[in-house]
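J.: If you scroll down you'll find the structure; I have some questions about it.
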Amino acid sequence: MKKIMVLSFVACGVLLAGPVCDFKEKDVQTQIDYASKHGHKDKISGLQKALKELQKHCKDEIVIAEIQTDISKLEKKVAEVKQKILEVQAKGKTDRVKKQEMKLKLVQTELESKKQELKKMQDLMNPPAPSKK
């Protein structure tokens, strides 16, 4: 009887974490399994620590809010780099323009990645309704 109660509490804990945190935990566990399989012992302890921290402190709303904050910061960075490109162009420094354009592409790529991550996490929290046939 005690085993059933313990398992019930563990199962409830997993359900209370939410779909975003469950996804993140499964991702870290997959990384632990991969590291174990390929002999990356140096990474295993760090990943196990990360998993324990997720299990203790992860909340879906906080994860979503952190991603949204990251997106805002990246959008500001994009604007700053675009402004820097205009300034460097005005000074006629073509070599610095190319450098800033490369930086812009990197920041835009990171921004798009964060937007995709946010969409994925929002989809996990709000799965589409099953289609009726």
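The values are calculated or read from the model by the stated rules, or taken from the named source; none is laboratory data. Bear in mind that the values here come from a model prediction, so they are computed numbers and not experimental data. Every residue, glycine as well, gets a Cβ built from its backbone with ideal geometry; the counts of neighbours run over all protein chains shown. We work out accessible area using only protein heavy atoms, side chains counted, and drop any ligands, DNA or RNA first. Shrake-Rupley method; radii C 1.70, N 1.55, O 1.52, S 1.80 Å.
J.: Using unit Cβ charges (K, R positive; D, E negative) and no other charged atoms, how large, in debye to the nearest 20, is the dipole of the chain about its Cα centre? Each step should come with its number before you reach the end.
T.: Details: 29 positive and 19 negative charges, 55 e Å.
With Lys and Arg at +1 and Asp and Glu at -1, about 260 debye.
J.: Let me ask something additional. For a 24 Å ceiling on Cα separation, which of these pairs sit above it: LYS24/LYS56; LYS84/LYS120; LYS26/LYS49?
T.: Where the Cα-Cα span goes over 24 Å, the pairs concerned are LYS84/LYS120.
J.: Let me ask something additional. What accessible area per residue, rounded to a whole number of Å², is obtained for the chain using a probe radius of 1.4 Å?
T.: Values: 10550 Å² over 133 residues.
Value returned for the chain: 79 Å² of accessible area per residue.
J.: Below 8 Å between Cα atoms, with a sequence gap of 6+, how large is the relative contact order for the chain in percent? Walk me through the numbers before you get to the answer.
T.: Working: 73 pairs, mean separation 35.5, N = 133.
Relative contact order, the chain: 27 percent.
J.: How much of the accessible area of the chain, probe 1.4 Å, is carbon plus sulfur, in whole percent? Working shown, then result.
T.: Values: 6170 of 10550 Å².
Exposed carbon and sulfur together represent 58 percent of the surface.
J.: Let me ask something additional. If you take Kirkwood radius over Cα pairs in Å from the coordinates, which of [x] 15.1; [y] 16.6; [z] 18.4 do you get?
T.: The value matching this structure is [z].
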